[in-house]
Amino acid sequence: MAKQDNAYFAVTLPGFESVCAGELQQLNISSSCQHGGVDFHGGLRELYQANLWLRSATRILVRLDEVTARDFPTLYKRLLRLPWGRFLKPGIPCDIRVVCHRSRLFHSGRVAETTEQAIVKALGAEIDPQGKAQQVLVRIEDDRCLVSIDSSGERLHRRGYRQARVAAPLRETLAAGCLLALGYDGSRPLVDAMTGSGTFAIEAALIALRRAPGAMRNFAFMDWPKYRPGLWKQLLQEAQQAEKTELPAAIFAIDNNPKAIAAAERNLTSAALDGVIRIQCQPLQQFRAEVEPGLILCNPPYGERLGRNAALKALYRDIGSVYAGPFAAWQGALVCPDAELVRSSGIDFTPLLRFSNGGIRVALLEKPGE
Ligand SMILES: C[S@@+](CC[C@H](N)C(=O)[O-])C[C@H]1O[C@@H](n2cnc3c(N)ncnc32)[C@H](O)[C@@H]1O
C-alpha cells in the first residue's frame, strides 16, 4: 500500500459484487470481491471517484483500522489511538452502528458508548447535538473490532432525481446493476417495457450519456476536516467533459398506467432527461420499436399484494409472446421472484443474478437475442 492510501469498501447488495468490481475497473481501480461488497485502496481521488461514479454500490466505507479487544478498558484504549481527526471534526455527533459476533464483547450498546467516549476524548471536544451526524460502523468478530467511517452519507441510490414514485419502484442502484450485468453500455436500443417510475430507463440514459450518477448530490466526506473541494470540482468538471450530448441509441419507456407515466415524466425532468427518452402510455402487448434490436427488459408486478392469479399468469404469458414474437431478435430480461410465473412466459430464461428487491428474493433472468 502506498503511504497515502486508505483501505475502502464499496458496499453492494449481495449478488452485485462483481458488477461493482467491473465498475471500479473502468475507473482504473483494482479491487477484490467479498460477500456484500468490494475492497479497494486509494487516496481521496479514488474515494471521490467511487462516490461520484459507482452506479451499483450502496455506499463507500473507509476502513479506519482493526483493533483486538476482549474487555472494555482495552477496547477504549485501542480505539483512542485511531486517527479519528482525519475524518471527524471535533464535536460532530456520531451515529455509531455496532454488530457483534462470536466475541467476548457482545453488548452492542456498550460498545457504541465506549466508541463514542474514545472519539470525544481523542478529538477533545464535547458533542454538539445540533451538528450533522457522521455514521461510524463497528464490527466485532472473533474479538477483532473493525472500525469504518461512512463516506457517502445518504445511500448512493439517492441520486437526487426521484421526485415521484408508483408502487414497488426498483432502487436506482439495483436497476443500474442489472443493466450493467446485462452488458448494457448505451450503444444498443433499450426498451423499459413496464417503466413504473422510470428507473430502468433513467439509469440506462445515465449510462448511455456517461453521466456520473453522483454529480447531483452531496456526500458525507464533504464535512470531513480534510475535504478537498478543489479536487471534487475537478472531478465534476472531468465528468462533465466526458458526457455525451446525445444518446447513441434510442431508449423507450412504456407503461400502461397513466399515473406511472406521469411519475416517470416528473423523474425524467428532475434528472435533466426531458426529451431524451421516448416515453409512451401503452400496453407492452401493443408496443413496437422501429429500430434495430437491442435490450428489452421489464420489472413486472409480482402479485405480492393481489396474489398470483390467472390475470397475472396471463400477463407473463403476454410478456413471453412479446419477447418471442416482435422482439425475438432482442436480448430480453425480466426481474421476477417466482419460477411458476417465469414458466408462464414460455421463455427459456437463464438466471443471471439473484438478489433481494425490497425484501423479496428475485432473479434477473435473461434470454439472448436470436
Ligand atoms: C413493479 S412496477 C415497475 C416498477 C419500476 N421498475 C420502477 O422502478 O418504478 C410494474 C409496472 O408494470 C406496469 N404494467 C403492468 N401491466 C402492463 C402492461 N401490460 N403493459 C405495460 N405496463 C404494464 C404497471 O403499471 C407498473 O407500473
Query - Distance in nm between pseudo-label sites at Arg110 and Ser30 (7 Å out along the Cβ direction from Cα) - result: 4.4 nm
Requested in this report: Select from Arg86, Arg159, Arg171 the residue whose mean-square fluctuation is largest in a Gaussian network model of the chain (Cα-Cα springs shorter than 10 Å).
Outcome: Arg86
Requested in this report: Rounded to whole Å and sorted largest first, list the principal axis extents of the Cα atoms in the range 6-150.
Outcome: 44, 35, 22
Requested in this report: Go through the range 95-111 residue by residue and turn each phi into a ³J(HN,Hα) via Karplus (6.51, -1.76, 1.60, θ = phi - 60°); whole Hz please, and just put x for glycine and proline.
Outcome: 9, 9, 9, 10, 10, 10, 9, 6, 9, 5, 8, 10, 8, 5, x, 6, 5
Query raised in the report: So what's the net charge close to Gly85: Lys and Arg +1, Asp and Glu -1, counting the other residues with Cβ under 14 Å from its Cβ?
Result: +3
Query raised in the report: Under 12 Å from the Cα of Lys89, which aspartates and glutamates turn up, not counting those fewer than eight places away in the same chain?
Result: Glu126, Asp128, Asp223
Query - Estimated [θ] at 222 nm from DSSP helical runs (n ≥ 4, -39500 (n - 2.57)) normalised by residues in the chain, nearest 500 - result: -9500 deg cm²/dmol
Query raised in the report: What are the extents of the Cα atoms of the chain along their three principal axes, listed from largest to smallest and rounded to whole Å?
Result: 68, 45, 38
Query raised in the report: Looking at Ala311, Pro225, Ala7, which one has the Cα that reaches farthest to the positive end of the dipole of the chain (charges on Cβ: Lys, Arg +1; Asp, Glu -1)?
Result: Pro225
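Mind ranking 189-199, 214-224 by how tightly packed they are, going by the mean number of other C-beta atoms within 10 angstrom, highest first?
Result, highest mean first: 189-199, 214-224.
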Report summary line: Farthest towards the positive end of the dipole of the chain, among Ala249, Leu79, Ser356 and with Cβ unit charges of +1 on Lys and Arg and -1 on Asp and Glu, lies the Cα of Leu79
Requested in this report: For the range 6-150, calculate the relative contact order in percent as a whole number, restricting contacts to Cα pairs under 8 Å that are 6 or more residues apart.
Outcome: 25 percent
Report task. Quick one: which residues, 5+ away or cross-chain, put their amide H under 5 Å from the amide H of Leu353? H built at 1.01 Å from N. Result -> Leu364
Report summary line: Phi angles of the range 296-303, converted by Karplus (6.51 cos²θ - 1.76 cosθ + 1.60, θ = phi - 60°) into ³J(HN,Hα) in whole Hz with x for Gly and Pro, give 10, 9, 8, 10, x, x, 9, x
Report task. For Arg59, list long-range residues whose amide hydrogen, built 1.01 Å from N in the peptide plane, is under 5 Å from its own amide hydrogen. Result -> Val11, Leu156
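For the pairs Lys77/Lys226; Lys244/Lys313; Lys132/Lys244, flag any whose C-alpha to C-alpha distance is greater than 31 Å. Don't skip to the answer; put the middle values down first.
On the way: Lys77/Lys226 25 Å; Lys244/Lys313 41 Å; Lys132/Lys244 36 Å.
Checking Cα-Cα distances, Lys244/Lys313; Lys132/Lys244 exceed 31 Å.
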**Report entry** For Gly15, residues with placed amide H under 5 Å, excluding near neighbours
**Finding:** Gly36
Requested in this report: Mind running the shape call on the range 246-325? Use the C-alpha gyration tensor, a ≥ b ≥ c as the square roots of the eigenvalues: rounded below 1.5 for a/c, prolate if a/b tops b/c, oblate otherwise.
Outcome: oblate
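FYI, it's all coordinate maths here, none of it is from the lab. As the structure is a computational prediction, the values presented were derived from the model and not from experiment. Positions of Cβ are generated from backbone atoms using ideal geometry, with glycine treated the same way; all protein chains shown enter the neighbour counts.
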